[in-house]
């Protein structure tokens with residue numbers, strides 16, 4: 001079952017899997033951090049559960065951009081490393097595509113660091129392609 005994590009309990013249940021992608025996250029501040037992103041930036045959190053256990057998590061936003069119109073942007077997409085290659089990531093990605101279509105989005109986007117080669121193979125297999133460069137500069141020391 002895939003659901004939006006809205007309640008405190010649903011959000012907290014995603015922590016262990018999300019931390020596999022974002023190891024700097026801290027359990028004590030996770031709920032407040034997610035709630036803050038939801039309030040300020042329209043952040044949404046989806047969780048795929050099997051037998052009551054979170055197997056995959058996605059953080060995403062729906063937004064409008066001048067260059068492409070309405071889009072679903074994925075901030076975070078991770079399947080539990082203990083059960084990878086069982087289709088959980090693909091099922092969650094398919095759900096996100098359907099969410100984007102239902103929200104009137106023209107496209108789905110995600111940014112992935114160049115070092116995440118295993119994730120890139122998954123994205124290519126799921127029909128995503130490289131469309132542009134993502135440039136950045138650190139502003140804090």
Do the conditions hold for residue 36, that is, is it farther than 16 Å from residue 93 by Cα and out of contact with any helix residue (DSSP H, G or I) (no Cβ under 7 Å at 6 or more places or on another chain)? yes
I'd like to check something: does the stretch 60-82 contain any residue that is over 25 Å from residue 131 (Cα atoms) and surrounded by 13 or more Cβ atoms within 10 Å (Cβ to Cβ)? yes
Among the candidates 45, 72, which residue alone is within 13 Å of the chain's Cα centre (by Cα) and farther than 21 Å from residue 136 by Cα? 45
Can you name the residue in the stretch 78-108 that is assigned to a strand (DSSP E or B) and free of Cβ contacts under 8 Å to residues at least 40 places away in the same chain and, of all such residues, is nearest to residue 1 (Cα to Cα)? 108
Condition broken by residue 8, with the remaining ones in (1) surrounded by 14 or more Cβ atoms within 10 Å (Cβ to Cβ); (2) in contact with a helix residue (DSSP H, G or I) (Cβ under 8 Å, 6 or more places away or on another chain); (3) at pLDDT 95 or above satisfied: (1)
Are any residues in the stretch 37-46 crowded, with 17+ Cβ neighbours inside 10 Å and assigned to a helix (DSSP H, G or I), and if so, which ones? 38
Filter the stretch 47-77 for residues that are under 22 Å from residue 109 (Cα atoms) and not in a strand (DSSP E or B); the one that is modelled with the highest pLDDT is 66
Those residues that are touching a strand residue (DSSP E or B) at 6+ places or on another chain (Cβ under 8 Å) and assigned to a helix (DSSP H, G or I), I need them from the stretch 10-36; list them, please. 10, 11, 13, 16, 17, 18, 20, 21, 34
With (1) exposed (fewer than 15 other Cβ atoms within 10 Å of the Cβ); (2) modelled with pLDDT of 90 or more; (3) more than 21 Å from residue 40 (Cα to Cα) as the list, and residue 97 as the residue in question, which single condition is left unmet? (1)
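The values are calculated or read from the model by the stated rules, or taken from the named source; none is laboratory data. Values in this document were obtained by computation on a predicted structure and should not be read as measured data. FYI the Cβ positions are ideal-geometry reconstructions off the backbone, even for glycines, and counts take in every protein chain you see.
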